[in-house]
Amino acid sequence: MSSSSSSPRVVLYGYDASPFYQKMLFLLAHYKVDFVVVKVAPMPPRPALSELLGVTYRRIPVMFLDGQAYFETTLCARALEAAFGGKPGHGHSLFDKRDEIIQVQLSATWSETQLFRLAVGHLPKAAFTPAFVADRSKFMPGVPFSAEAVTANLPYSQSQLYAHLASIEAHLAQQQQQQQAGSGSGSGSGAGAQAGRFLVGEKVSYVDICTFVPLQWVQSFGTARDLLPKEAKNGGGGAESTTPFPRVVAWLSDVKRHLAQQGLAKAKSIKAEEAATLILEQAEPASITKAQNDARVSASDPLVKAGWVDGAGQQVLVTPTDTGKVPQQGSLVALDPTQITILVRTNVGNGAFLAHFPRVQFDVRKVELAKNRDAKI
Ligand SMILES: N[C@@H](CCC(=O)N[C@@H](CS)C(=O)NCC(=O)O)C(=O)O
């Protein structure tokens with residue numbers, strides 16, 4: 001039972017106000033991938049995931065590619081890159097192979113953690129409805145989350161944003177100087193006016209998209225308009241001329257333009273039931289069996305040595321350690337140095353699919369040890 005070759009290979013779960021969901025729309029637009037979307041609520045419960053697919057992981061987005069789940073957007077990006085990056089009819093590779101790994105690590109810790117937290121520190125007052133405050137206080141335990149707390153801390157958040165923007169501005173200035181020196185010395189890259197406009201070279205890269213997401217989010221709030229003014233409507237230099245960071249504002253516009261040129265977010269929304277059927281059809285038993293046969297759990301893995309994990313086939317819980325610390329249960333298929341794969345069984349019917357998590361910022365341990373988990377992470 002396999003789905004037709006014209007079925008979209010990607011199913012994305014999310015809601016429009018989520019910046020990480022928007023990031024996935026940008027990536028899918030860049031790679032020119034046909035995909036469908038299941039819109040879910042901005043707060044749990046999300047029966048489209050929990051009831052139909054047995055997904056208890058609480059964060060958004062969740063992406064399925066060829067019937068396999070990818071939790072966490074950098075992992076999603078790398079799966080999309082492997083499937084589509086640079087292939088005929090798809091967008092260029094977003095990862096420079098010379099320093100892909102370091103770019104991924106820096107994006108995850110700098111853009112996605114530090115800048116994202118700063119963006120949350122600039123949320124407008126209207127966002128803080130009682131239900132949202134109650135939910136997101138549980139989502140980020142230990143981080144005071146209320147209109148009052150965010151307002152009281154705004155000078156710090158702005159000072160941090162100021163420092164990060166100054167670094168990006170200086171980096172862009174350096175890039176442009178090098179570019180000018182390069183063309184002056186007759187090296188003749190011939191790359192034209194766009195060269196050096198992006199963070200790591202002449203083309204949009206993964207670093208651009210990761211860094212763009214939280215900064216564009218702040219820009220859209222208008223709560224830091226002295227630093228990041230909204231774009232001038234007519235595309236003139238108005239916004240750039242009133243900010244200390246004109247290169248950053250111009251770079252944000254360039255990334256936005258690149259994404260718009262890719263025909264941003266033309267996804268079709270489908271019903272949760274239809275999506276679950278499609279995913280479970282694509283989750284072919286043969287590829288699940290193959291993954292189980294290739295199972296990799298090394299006896300020298302630190303978690304195996306410590307007795308937190310015994311081996312493949314065992315029921316484990318995988319839990320984010322930074323935000324939304326809700327575990328996902330499944331049977332362990334692979335524990336690689338950088339990635340965790342489990343088999344998740346659906347609550348209804350007899351479905352099952354492979355689910356992948358990064359290892360950084362995720363805890364994995366056998367179910368029997370679950371009681372210790374909250375104390376440890
Ligand atoms: N590092 C994660 C972060 C995901 C994340 O924090 N998502 C937010 C939405 S933007 C979320 O799930 N918030 C709580 C919720 O929507 O229930 C990723 O890259 O996927």
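The values are calculated or read from the model by the stated rules, or taken from the named source; none is laboratory data. Computed from a prediction, not measured in an experiment: that's the story for all the values here. As a convention, Cβ positions derive from the backbone with ideal geometry for all residues, glycine included, and neighbour counts pool all protein chains shown. The area values use the complete protein model at the heavy-atom level, side chains included, leaving out ligands, DNA and RNA. Shrake-Rupley method; radii C 1.70, N 1.55, O 1.52, S 1.80 Å.
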Okay, helices (runs of 4 or more DSSP H) sitting entirely in region 83-185 with 1 or more residues that are hydrophobic (A, V, I, L, M, F, W, C), within 22 Å of H258 (Cβ to Cβ) and in contact (Cβ under 8 Å) with a residue 40 or more places away in the chain, I get 100-106, 116-120, 154-184
Flagged pairs (Cβ under 6 angstrom, 6 or more apart or on separate chains; first in region 316-337, assigned by TED's automatic domain parsing to the domain that holds I288 and in a strand (DSSP E or B); second of a type in the set (S, T, Y) and modelled with pLDDT of 95 or more) are Q328/T56; Q328/Y57; V333/T341; A334/T341
(1) under 30 Å from L165 (Cα atoms); (2) within 12 Å of the ligand (Cβ to nearest atom) all hold for A29 apart from (2)
Of (1) in the same structural domain as I279 (by TED's automatic domain parsing); (2) away from the ligand (no atom under 16 Å from the Cβ); (3) modelled with pLDDT under 95, S5 fails just (1)
### Query
Looking at this structure, is V333 open to solvent by 20 Å² or more (accessible area, probe 1.4 Å), away from the ligand (no atom under 16 Å from the Cβ) and over 30 Å from V143 (Cβ atoms)?
no
Per the filter on region 271-283, residues surrounded by fewer than 17 Cβ atoms within 10 Å (Cβ to Cβ) and either in contact (Cβ under 8 Å) with a residue 40 or more places away in the chain or part of a loop (DSSP other than H, G, I, E, B) (or both) are K271, E273, E281
Of the residues in region 134-187, those that are open to solvent by 30 Å² or more (accessible area, probe 1.4 Å) and either outside the structural domain of Q114 (by TED's automatic domain parsing) or of a type in the set (D, E, K, R) (or both) come to K138, E148
Within region 95-117, of all residues that are more than 13 Å from the ligand (Cβ to nearest atom) and among the basic types (K, R), the one most open to solvent (accessible area, probe 1.4 Å) is R98
By residue number, the members of region 90-108 that are under 12 Å from the mean Cα position of the chain (by Cα) and β-branched (V, I, T) are V104
Among L49, L80, the single one that is within 16 Å of the ligand (Cβ to nearest atom) and in contact with a Leu (Cβ under 8 Å, 6 or more places away or on another chain) is L80
